[in-house]
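> Here it is, the structure in full.
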Ligand code: UN1
């Protein structure tokens, strides 16, 4: 059964309270002033390894205070942080443009996401960290399962969502009653500093949330410390592995790693897919944010009957994209994060130009770290062996009898983060989706921009350990479980322990 065609679908980007963050022209006018007033990045001092170690010791004191602060009070601090973010949105939007090189649309979405994280984890925290769950037991005994903080959690975050992912990690760990030592990406230190100041202002004690600045060596010093209670990390698979090894190698407590890493994310387009919808969704998923999202589309499988037409439509839409200064509201795609990222992508493009068929190469400004969108066709998915973190799309044709082989190729990558399926046949969608362990599956729409609390985000295999950020299982992983079994029958039974008196 083939579903009838329908109007094109654009996912809504509204946050939990439906906030509008102001009209673009007004924001743009404000941005100029704020951008000029900011501190130069060179004034940021990197933390030394000794200071990083001292932060863990101070965090132990912060933990003693914060873990015994009622969950309600912790939740209220997070909500205040969300309100402060909303009030100061233009500052954060300006910084995201400046430090992160992100377009205005991306900056607005990111500030919304950051506000959502504060409010969502506050609400989840109230639900999960209050009195605990009373469990049925024999008469004369009360049994309660409750969640508590673990200790000092190390949070290591990436440059591609320097506000939202940074705050997502930190607010979750704090809500669960942990103290946090956060190490943001060295490319985006100022945003992190402002975000931490804001959380302190919102009521998080300074020793419960400390910031250390620096590169991977500082992160490694934190992870190697014997007194940490867990690590939350977003970044490359390679670094997640290194963290895992470091945690396994040291003596002391066995602590969890929550990791969200990369993907060779695929989309499968069959002959019944709506071509205009496919073009829209492929261009958004592969090229928006200059492809610098872990959710972005890297590998497009197109059924051969419609492949030429589909590639033509995608190329047509890609041509409409404007690359340039992210501060210009007409820009769709800004620069990639730095010269190192550009050099890596340029090398991949050069390699593809030799070995693959080029369908499209866009125009990019010649100064600055711009990388033009490219579309290459591969003979087989096996030719793409690693995540390419930029605006480069790889296309592979398949015929109808090869669908299972396509599914097998996606599984064989061992990444399992996002997946798109474009088809009007429900059985085809089910056949693909049921066979892959992918974390976030998107059907007949784009594959980026997961909404907090609506589309919990994260994968498995080479893509991470879970739990999913912005979902109901995230906070418990940051916590200890404590089962409290109390004799309430005997004279002097300790029922009062549970009533909070
Ligand atoms: C990342 O890029 O590291 O769904 C993860 C999305 C975002 C991805 C964030 N939540 O596009």
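> For the stretch 174-208, which positions are touching a residue at least 12 places away in the same chain (Cβ under 8 Å), in contact with a strand residue (DSSP E or B) (Cβ under 8 Å, 6 or more places away or on another chain) and part of a helix (DSSP H, G or I)?
174, 192, 193, 196, 199, 207, 208
> Select, from 479, 469, the only residue that is in contact (Cβ under 8 Å) with a residue 40 or more places away in the chain and within 16 Å of the ligand (Cβ to nearest atom).
Exactly one residue qualifies, and that residue is 469.
> Is there any pair with a first residue in the stretch 151-173 that is over 24 Å from residue 290 (Cα atoms) and a second that is in a loop (DSSP other than H, G, I, E, B) and away from the ligand (no atom under 12 Å from the Cβ) whose Cβ atoms are under 6 Å apart and which are 6 or more apart or on different chains, and what are they?
Note: pairs meeting the criteria are 153/178; 172/478; 173/478.
> Now, a different point. Being more than 16 Å from the ligand (Cβ to nearest atom) and in a loop (DSSP other than H, G, I, E, B), is that true of even one residue in the stretch 231-249?
no
> Looking only at residues in the stretch 125-160 that are within 16 Å of the ligand (Cβ to nearest atom) and in a strand (DSSP E or B), which one is surrounded by the fewest Cβ atoms within 10 Å (Cβ to Cβ)?
For the stretch 125-160, the residue satisfying everything is 156.
> So, one more: Can you tell me which residue in the stretch 345-376 is surrounded by the most Cβ atoms within 10 Å (Cβ to Cβ), limited to those that are touching a residue at least 40 places away in the same chain (Cβ under 8 Å) and outside any loop (DSSP other than H, G, I, E, B)?
Checked the stretch 345-376; the qualifying residue surrounded by the most Cβ atoms within 10 Å (Cβ to Cβ) is 375.
> Follow-up. Would you check if there is a residue in the stretch 221-230 being in contact with a strand residue (DSSP E or B) (Cβ under 9 Å, 6 or more places away or on another chain) and farther than 23 Å from residue 253 by Cα?
The answer is no; no qualifying residue exists.
> Looking at 405, 409, 382 in this structure, which one is in a helix (DSSP H, G or I), out of contact with any strand residue (DSSP E or B) (no Cβ under 9 Å at 6 or more places or on another chain) and at pLDDT 95 or above?
Details: 405 fails: out of contact with any strand residue (DSSP E or B) (no Cβ under 9 Å at 6 or more places or on another chain); 409 fails: out of contact with any strand residue (DSSP E or B) (no Cβ under 9 Å at 6 or more places or on another chain).
Sole residue among the options that is in a helix (DSSP H, G or I), out of contact with any strand residue (DSSP E or B) (no Cβ under 9 Å at 6 or more places or on another chain) and at pLDDT 95 or above: 382.
> Search the stretch 386-402 for residues that are within 18 Å of residue 269 (Cβ to Cβ) and pair each with any residue that is in a loop (DSSP other than H, G, I, E, B) when their beta-carbon atoms are under 6 Å apart and the residues are at least 6 apart or on different chains.
That search, which allows pairs on different chains as well, returns 394/378; 394/384; 396/378.
> Another question about this same structure. Of all residues in the stretch 265-304, which are within 16 Å of the ligand (Cβ to nearest atom) and part of a strand (DSSP E or B)?
Within the stretch 265-304, 265, 266, 267, 297, 298 qualify.
> Let me ask something else about it. Name the one entry in 330, 307, 318 that is away from the ligand (no atom under 16 Å from the Cβ) and in contact with a helix residue (DSSP H, G or I) (Cβ under 6 Å, 6 or more places away or on another chain).
318
> Something else: Would you please name the residue that is nearest to the ligand (Cβ to nearest atom), looking only at residues in the stretch 426-457 that are farther than 23 Å from residue 234 by Cα and out of contact with any helix residue (DSSP H, G or I) (no Cβ under 9 Å at 6 or more places or on another chain)?
Out of the qualifying residues, it is 433.
> Still on this structure, please answer the following. Restricting the search to the stretch 231-257, which residues are closer than 30 Å to residue 300 by Cβ and surrounded by 21 or more Cβ atoms within 10 Å (Cβ to Cβ)?
Result: 233, 234, 235, 240.
> Where the second residue is part of a helix (DSSP H, G or I) and within 16 Å of the ligand (Cβ to nearest atom) and the first is within 17 Å of residue 459 (Cβ to Cβ) and lies in the stretch 404-432, which pairs have Cβ atoms under 9 Å and are six or more apart or on separate chains?
Sorted first by the residue in the stretch 404-432, then by its partner, the pairs are 415/237; 418/285; 420/281; 420/282; 420/285.
The values are calculated or read from the model by the stated rules, or taken from the named source; none is laboratory data. Quick caveat, the model's predicted, so the values are computed rather than measured. We place every Cβ from the backbone using ideal geometry, glycine too, and count neighbours over all the protein chains shown.
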